[in-house]
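The block underneath contains the structure these notes are about, expressed in structure tokens.
The values are calculated or read from the model by the stated rules, or taken from the named source; none is laboratory data. Everything numeric here is computed off the predicted structure, so don't read it as measured data. Glycine gets a Cβ as well: all are built from the backbone with ideal geometry, and neighbour counts include every protein chain shown.
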Amino acid sequence: MAKQKFKLSSSIFIDEYEKEIELSTKRNIERLEDDKAIRKAHTKIVDVLKSENQNDNIYLSFEVYNNLVKKLKEEKLKKAAAKSL
């Protein structure tokens, strides 16, 4: 009887462990996608500023940078909302 209990507990533990690995993998993939999105956003910001200012040496003020990032996040949320519909 004790062996059966142990087997049941072991299979539950293994199932939970596999679920945790799956969640962790999903989180890591999302984090990588976020990193890619951030890099893409930075490139986009610099490209826009270069085209507007015709200047390769661009230094962003903190406020301008935050506003641009906020706009990009809003665009991302709108796209996500449109996909979910």
Q: Answer yes or no as to whether residue 15 is over 22 Å from the mean Cα position of the chain (by Cα), assigned to a helix (DSSP H, G or I) and at pLDDT below 75.
A: yes
**Q.** Single match in 40, 44, 50, 36 (criterion: at pLDDT below 70, under 21 Å from residue 69 (Cβ atoms), surrounded by 10 or more Cβ atoms within 10 Å (Cβ to Cβ) and basic (Lys, Arg))
**A.** 50
